[in-house]
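What follows is a set of notes on a single structure, which appears directly below.
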Amino acid sequence: MLTRIALVAAALLVAAGAAHGGAGGIDDEAKPAAARDANPYTGDAAAIAAGKDLWRDTGCYSCHGGLAEGGVGPDLTDDTWVYKPTDKMLFKTISKGRAGTNMVGWSADLEPDEIWQVIAYIRSLYLGNPKKIIW
Ligand code: HEC
């Protein structure tokens, strides 16, 4: 029952977000970190540095490589993605993981704000075509 209530609440949040124009809406800054559609830290040097530490301390590097160049887990610096690389998709993947793969969810280890910092670090390592940046 609680799960059902949470799901309904989540659906309402998404609907509210859509009503405000969806991804990157101007209300994003006012939302709690987990409910944001776009990363508030993209390009922010301090957040990137914090994300780099979290990348190391949490162990992301062990599968994705120190510079996210790939290993057991996919390269996160190029234009090959499993899903469209929106901020929202990265947040969900890092928070909840991917069922059936060894990408587990990290929501017990990382606060929503920290997940955004890790994403800022990942974005700072991007080596793909600048025209394909959708974040
Ligand atoms: C045990 C190995 C492992 C660890 C540790 C790990 N990942 Fe992953 N990760 C994977 C695998 C495997 C996939 C591909 C999942 C799939 O095929 O959908 C993945 C997918 C991803 C994706 C989505 C890539 C895409 O193309 O859609 C992101 C983003 C990501 N990981 C970030 C992280 C971050 C951040 C951490 C640390 C908090 C982390 N991963 C830790 C194995 C790992």
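The values are calculated or read from the model by the stated rules, or taken from the named source; none is laboratory data. On a predicted model such as this, the values are computed, not experimentally measured, just so you know. A quick note on method: Cβ atoms are made from the backbone with ideal geometry, for glycine too, and the neighbour counts reach across all protein chains shown.
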query: Could you list, in sequence order, the residues of the stretch 67-120 that are near the ligand (Cβ under 8 Å from one of its atoms) and under 10 Å from the mean Cα position of the chain (by Cα)?
result: P85, M89, L90, T93, I94, I115, V118, I119
- request: Give A11, A23 a once-over and let me know the one that is over 11 Å from Q117 (Cα atoms), at pLDDT below 70 and either acidic (D, E) or assigned to a helix (DSSP H, G or I) (or both).
  value: A11
message: Can you find a residue that is within 9 Å of the ligand (Cβ to nearest atom) and not hydroxyl-bearing (S, T, Y) anywhere in the stretch 38-49?
response: no
field: Only one of T101, T58, T93, T86 that is surrounded by fewer than 18 Cβ atoms within 10 Å (Cβ to Cβ), without any contact (Cβ under 8 Å) to a residue 40 or more places away in the chain and out of contact with any helix residue (DSSP H, G or I) (no Cβ under 6 Å at 6 or more places or on another chain)
entry: T101
message: So A30 passes all but one of these: (1) modelled with pLDDT under 95; (2) under 16 Å from I119 (Cβ atoms). Which condition number does it fail?
response: (2)
